[in-house]
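Shown next, in structure tokens, is the structure this report addresses.
The values are calculated or read from the model by the stated rules, or taken from the named source; none is laboratory data. Computed from a predicted model, the values in this text were never measured in an experiment. Positions of Cβ are generated from backbone atoms using ideal geometry, with glycine treated the same way; all protein chains shown enter the neighbour counts.
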Amino acid sequence: MSKNPRYDVIIVGGGPNGLGIAAYLSKCGLKVCLCEARLEVGGGCETIEPIPGFRIEPHASYNYAGASPAWEQLDLGRFGLRMVPANVWGTAATQDCKRVTCSSRWNPEAVREAGRMWGEEVAQQTEAIYSVLETQECKDFLRSIFWTPPPPDGYSTDPDDLPWVKAIKNLPLINLVYDHSWLDMSVLDITNIICSEEAQKVGLSIAAWDSGPEFTSKGMGIVGLADTFLIMYASASPLGGFHSYAHATMRCALAHGCTILTNSPVEEIIVENGEAKGVRLADTSPSADKVIYADKAVISNAHVQKTFLEMVPSRHLDKGFYQRVKDINLNGGSLFKLDMIVKELPRFKDKAGEFMDKYPACSNVFPVDNMEVLLNQRNAANVERRHAKSKDEMILRCVRQSVYDPTRCPPGYHILYNYIVVPPPEYHRDGPEACNKASEEIVDLMLSHFRDYCTNMGDDNIVAKYVCTPYDSSFRNVGFVGGNWQGIRACEDQWGVNRPLPELARYRTPIDKLYLCNQTSHPGGLALMAVPYCLMHILIEDLDLKPGSWWYPSPYYISDREVKTGEI
Amino acid sequence: MTTTRFPYRNDGEYSKRIHPVMPNQLECDVAVIGGGPNGLMTSAYLAKAGLNVILLERRGEIGGGLATEEILYPNHYANTHAIYHMMVEYMPAFKDFNLGQRGLLWVGPNAQTGMIFSDRSSILLHRMEEDTYDSIIKYSQEDADKFIGWIRKLHKMMDELLAPGTYAPPLPAVELAVKMHRTQIGQELMEMMEQTPYDIICQTFKHPKVRAVFLYMTCMWGLDPSETGLAFLVPLMISRGMQKYQCYGGSHKLAGIFGKEIVANGGTIIENGEVVKILVENGKTTGVELFDGTIIKAKAVASSLDPNTTFNKLVGEPNISPGLAERSKTWKADKWSLYSLHILTPKPLEYDVQDELRINESLMNIMGFENEDDVMKFFLDVRAGKLNNIGGHATCETLYDPTLVDIKGRHVSKFQFPAPYALDGDPKNWESRKKDIENKVLDMWFSHLRGMSKDDIIKLTSESPVDVETRIPSMIRGGIKHGDYNALQMGYYRPDETCSSTRTPIQGLYVCGASTYPGGMVTGGPGYIASNAIVEDMGANKWWQEPAFITRYVTDYLKD
């Protein structure tokens, strides 16, 4: 009937999750075609060079996926990937610059020295936490949360049956203080139990917020805590920039025969009789065939809203479902980002400066000892729906990859990647372009904040500035609806068995043979290679895949069959 | 302390513990240095021949001059180097890799190269001779008549001699001359060699405007208008100047497809993999070392870098002869580089021209010159490091490739011209005069446009020769051809008579970049010739067949 090409599986979108599932399925021997709208795959794993010689990351910068099975299953090292571990990962300064907190798995001495500024007890506490990282139980805990599909509908509601509860009960130290009331707590609540100093609480809250759930979000405490463990466990950066990570995954897919069509936006997911049949590409695609068919599955690596509000024709969808997709909240991951090229790293004042000069870290946060300021920034974005306007709403994060990765910029320079959280453009009370219009004002505020803490952040040190707003991100990356790096808010209503909606939590959709594989599904963003790994469990069942001996499932995985037959 | 930077080392221990990533010792059959068009092509041919290939690229992205980057605005792309490719019909890789079936499209419109003059008149050179004839005849019946005969002769030289010669190893100059003199067409080519491009153009055409467009088109990519001994490039530049093909989806697309071929055939691409040493033992290559300490053992190494880098910096004495060391040290960089100004506008550019309706469909429009003397003066200035009058060529990249912009209706265009690396004697002047030059370029460019003013520009960015070198340091002094085109650095002497066949005096070391015969410009010549040599030397499966036009050239023209 048609000469249009047929594949086993079509993947819509070449972000890290789309590439990941393409690599997994190609490695299983399926005939896979991935369609990417842009000129280049990678999605948020992007490194650009808008200023010659300086590699800027508009989105992802750190990789926390050290505990992911994908490294070995996809053999990413074979495809040229190298990781740069920061000897000292992060340091954070107090408002008076007299003390610091320090986080690093690789430099216990620095961590101890910073801990002692707060007393011997804090130093020992911190050291004890780092010792947990070396245990298999820690890896298991992380895998139970991030690398396990949410349990199926109808599964036990007993907390003791939840994968991460099983795992946390084995986690040294934490298991001493854990009880089931933690399931309803926020990160803030948990920090009140496990931390004694405000700086520790703020530090953990920021680490959690910048990696997933908001620190005030009830029921997300364990997830937020797990996020901070991800960071401590294996924070490192792909050599050369985050795009290298996408390259390695893409090449794994290509090496196993995957077809990748770039410049090929999918305009429609073709549905017949309630079943996904293929996709229709934009007329501008260089592909000779604008309609391509999939025999086994269409997998959407597009945002859940793009998938159902734009790609699947609405006539195939239930009105109630359509509305619930529309209502999904986009808060929490929209960043106003300022890249600065400087000649010298920021020189902090006082004791903080002495410490930070001695242990140059890959990231800085300041101030770290005032919870009120953190709450102010959160409330400005979420409640008042505006960007930060004064210094009492300003906690700045500054990422400095060039300290450890010499490929980022020429000798004699550094790149500072600074950001604060702002509302998604759609939610900003002054309109979607508000942050763009106020760009200079926000940059001035960030700079003035810098100058309160550092002595050398004058114009003579700053060579160039490059701003990226969430509005810009949503252009660059159609997947970043609202400019949100994790797609949608990470909150109890939108996480685990509820992410992005309860009926979509197992990556299946109301359309047969259509699956989701985007960060809007469990467990969310961070390019952990977790969504594709989780989806593999489902596809092995549905498509009767027979992966080779390289594959191993999550020990915590619960299949639909197990629930239906009451095997548990 | 505040400027501290830590040198990254590829630490196997760390990788074993947390991230199972690339080991710090690798082995392969062939290590290829440089992921530009030639390095990519060499790697792709060899990988498909069953050799285990590792391609090493210093940047985070393969492609070299095949670069399409987001330099203007999120999701608005511009080609920072090559926009179009000139050897599309000839490049053997096109058929060997069936690129057309791999999503690679080339758009080659009939309207190819226009020149716009201050009195709103213009010339438009087309792919179809008849249309060009009609454009030239406005100025001179004699030139138009001359054009037809001339262009057919040049196309013939191209088809029979120059194109096939691009993909066959070079012969010593004397030997080549003897063989060329056996045929009429060969003799004519040899006669052209004795002249300068300027002389050839002026002897062929009478009208100043006609001379201007042909002279600029001949020399825009780095041919010196007053240099003798190189004029075999005139037919190539003229013939190709009317057969340009824009790579749909951006020039980088071509790089991506070769990258895919390499990986799909078991090869490995390592970006951020700057090579700091070519390992040589007992006169034989054994591999390379990367900046981060990674050692790659290889039976053969192919370098696409310039000879000074390859032989003096990466191999080094005592493994090369003093002659080769000296020759490489004195290797001359390109006489000039390119300056580019990229703009994003809300609509396509419309030129204020009274005669040529199709000028707005042209792939390229040249402006800023009224006659051949203006062009000549411009090139002499550039050669002397000066930028007195602004002139150059403009392309609206989105005219034939809407995929470069995200927002429908917006357009990305670029104005480019040959430019000295050391402006007024010092490369630093590019930075200090950046704004001033941008304004001058815009004033000149926009004086030829209608319905648009400078205020309509949404985004603008410029790249000087210094920026070219910063992005891609292998383009020394911004040189896109990895070395000047002069009689001593071309043909059998590129880069040296001992290496122009792509084999070098060091066993297992090959050269395969733009500084090797036949030169730069995304012809794929050096990469193709090197692939043939390596496959033969390593006894691998030569899976491709020489195209008939090359075989014919070798048997008809070169046989003894």
(message) Considering only residues that are over 22 Å from the mean Cα position of the chain (by Cα) and within 24 Å of B:Thr218 (Cβ to Cβ), which ones fall in the range B:316-359?
(response) B:Tyr351, B:Val353, B:Asp355, B:Glu356, B:Arg358, B:Ile359
(message) Within the range A:498-537, take every residue that is among the basic types (Lys, Arg) and either within 24 Å of B:His19 (Cβ to Cβ) or over 15 Å from the mean Cα position of the chain (by Cα) (or both) and give me the one that is surrounded by the most Cβ atoms within 10 Å (Cβ to Cβ).
(response) A:Arg506
(request) Report yes if some residue within the range B:203-220 is buried (at least 24 other Cβ atoms within 10 Å of the Cβ), part of a loop (DSSP other than H, G, I, E, B) and at negative phi; otherwise report no. (result) yes
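Condition check ((1) of a type in the set (Gly, Ala, Ser); (2) more than 28 Å from A:Leu338 (Cβ to Cβ); (3) within 9 Å of chain B (Cβ to nearest Cβ)) across all residues:
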residue: A:Gly42; (1), (2), (3): yes, no, no
residue: A:Thr47; (1), (2), (3): no, no, yes
residue: A:Arg55; (1), (2), (3): no, no, yes
residue: A:Pro58; (1), (2), (3): no, no, yes
residue: A:Ala65; (1), (2), (3): yes, no, yes
residue: A:Trp71; (1), (2), (3): no, yes, yes
residue: A:Leu76; (1), (2), (3): no, yes, yes
residue: A:Gly80; (1), (2), (3): yes, yes, yes
residue: A:Val84; (1), (2), (3): no, no, yes
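Let's see how each residue does on (1) modelled with pLDDT of 95 or more; (2) buried (at least 24 other Cβ atoms within 10 Å of the Cβ); (3) not β-branched (Val, Ile, Thr):
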{"position": "A:Gly221", "(1), (2), (3)": "yes, yes, yes"}
{"position": "A:Ala236", "(1), (2), (3)": "no, yes, yes"}
{"position": "A:Ser244", "(1), (2), (3)": "yes, yes, yes"}
{"position": "A:Thr249", "(1), (2), (3)": "yes, yes, no"}
{"position": "A:Thr259", "(1), (2), (3)": "yes, no, no"}
(request) Answer with yes or no whether B:Glu69 is within 12 Å of chain A (Cβ to nearest Cβ), within 19 Å of the chain's Cα centre (by Cα) and either in a helix (DSSP H, G or I) or not β-branched (Val, Ile, Thr) (or both). (result) yes
(message) So, A:Leu345, is that one more than 14 Å from chain B (Cβ to nearest Cβ) and crowded, with 23+ Cβ neighbours inside 10 Å or not?
(response) no
(request) Would you mind stating whether B:Arg358 is farther than 15 Å from B:Leu55 by Cβ, in contact (Cβ under 8 Å) with a residue 40 or more places away in the chain and surrounded by fewer than 21 Cβ atoms within 10 Å (Cβ to Cβ)? (result) yes
(request) For the range A:401-431, name all the residues that are surrounded by 19 or more Cβ atoms within 10 Å (Cβ to Cβ), in a loop (DSSP other than H, G, I, E, B) and touching a helix residue (DSSP H, G or I) at 6+ places or on another chain (Cβ under 8 Å). (result) A:Arg408, A:Cys409, A:Val422, A:Pro423, A:Pro424, A:His428
(request) List every residue pair whose Cβ atoms lie under 6 Å apart, where the two residues are 6 or more positions apart in sequence or sit on different chains, the first residue falls within the range B:368-390 and is free of Cβ contacts under 8 Å to residues at least 40 places away in the same chain, and the second residue, located anywhere, is among the acidic types (Asp, Glu) and in a helix (DSSP H, G or I). (result) B:Asn388/B:Asp381
(message) Tell me which strands (runs of 3 or more DSSP E) are completely within the range A:194-290 and hold 2 or more residues being more than 21 Å from the chain's Cα centre (by Cα), or say none if there are none.
(response) A:259-261, A:266-272, A:275-281
(request) Filter the strands (runs of 3 or more DSSP E) completely within the range B:352-425 down to those with at least 3 residues that are within 25 Å of B:Lys332 (Cβ to Cβ) and of a type outside the set (A, V, I, L, M). (result) B:411-419
(request) Scan the range B:97-108 for residues that are surrounded by fewer than 21 Cβ atoms within 10 Å (Cβ to Cβ) and either modelled with pLDDT of 95 or more or among the hydrophobic types (A, V, I, L, M, F, W, C) (or both) and report the count. (result) 5
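Every residue, every condition in (1) within 20 Å of the chain's Cα centre (by Cα); (2) surrounded by fewer than 22 Cβ atoms within 10 Å (Cβ to Cβ), yes or no:
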residue: B:Gly520; (1), (2): yes, no
residue: B:Ala530; (1), (2): yes, no
residue: B:Ile534; (1), (2): no, no
residue: B:Asp537; (1), (2): no, yes
residue: B:Asn541; (1), (2): no, yes
residue: B:Phe549; (1), (2): no, yes
residue: B:Lys559; (1), (2): no, yes
(message) Being surrounded by 14 or more Cβ atoms within 10 Å (Cβ to Cβ) and modelled with pLDDT under 95 is the filter here; which residues of the range B:402-429 pass it?
(response) B:Pro402, B:Thr403, B:Leu404, B:Val405, B:Asp406, B:Arg410
(request) Scan the range B:271-286 for residues that are surrounded by 24 or more Cβ atoms within 10 Å (Cβ to Cβ) and over 25 Å from B:Gly483 (Cβ atoms) and jot them down. (result) B:Asn272
(request) Scan the helices (runs of 4 or more DSSP H) fully inside the range B:430-539 and keep the ones with 1 or more residues being among the hydrophobic types (A, V, I, L, M, F, W, C) and assigned by TED's automatic domain parsing to the domain that holds B:Gly114. (result) B:434-446, B:465-471
(message) Let me confirm something: among B:Leu442, B:Leu460, B:Leu509, which residue is out of contact with any Asp or Glu (no Cβ under 9 Å at 6 or more places or on another chain), in contact (Cβ under 8 Å) with a residue 40 or more places away in the chain, surrounded by fewer than 22 Cβ atoms within 10 Å (Cβ to Cβ) and of a type in the set (A, V, I, L, M, F, W, C)?
(response) B:Leu442
(request) Could you give me the residue pairs with C-beta distances under 7 Å whose first residue belongs to the range B:299-324 and is free of Cβ contacts under 8 Å to residues at least 12 places away in the same chain, whose second residue is assigned to a helix (DSSP H, G or I) wherever it lies, and which are 6+ apart or on separate chains? (result) B:Glu317/B:Ala325
(request) Within the range A:128-179, track down each residue that is in a helix (DSSP H, G or I), among the aromatic types (Phe, Trp, Tyr) and out of contact with any Leu (no Cβ under 7 Å at 6 or more places or on another chain). (result) A:Tyr130, A:Trp164
(request) Among the numbered conditions (1) within 28 Å of A:Leu39 (Cα to Cα); (2) more than 10 Å from chain B (Cβ to nearest Cβ); (3) within 23 Å of the chain's Cα centre (by Cα), tell me where A:Glu433 comes up short. (result) (3)
(request) Report the residue count in the range B:237-271 for those that are more than 11 Å from every other protein chain (Cβ to nearest Cβ) and within 28 Å of B:Ile33 (Cα to Cα). (result) 4
(message) For B:Ser432, only one of the following conditions fails: (1) crowded, with 22+ Cβ neighbours inside 10 Å; (2) over 25 Å from A:Pro286 (Cβ atoms). What is its number?
(response) (1)
(message) Just to be sure before I move on: is A:Cys491 within 14 Å of another protein chain (Cβ to nearest Cβ), hydrophobic (A, V, I, L, M, F, W, C), in contact (Cβ under 8 Å) with a residue 24 or more places away in the chain and out of contact with any His (no Cβ under 7 Å at 6 or more places or on another chain) in the structure I sent?
(response) no
(request) Check off (1) more than 30 Å from B:Asn308 (Cα to Cα); (2) touching a residue at least 60 places away in the same chain (Cβ under 8 Å) for B:Ala394 and give me the number that stays unchecked. (result) (2)
(message) Considering only residues that are within 30 Å of A:Asp452 (Cβ to Cβ) and assigned to a loop (DSSP other than H, G, I, E, B), which ones fall in the range A:65-104?
(response) A:Ala86, A:Asn87, A:Val88, A:Trp89, A:Thr94, A:Gln95, A:Asp96, A:Cys97, A:Lys98, A:Arg99, A:Ser104
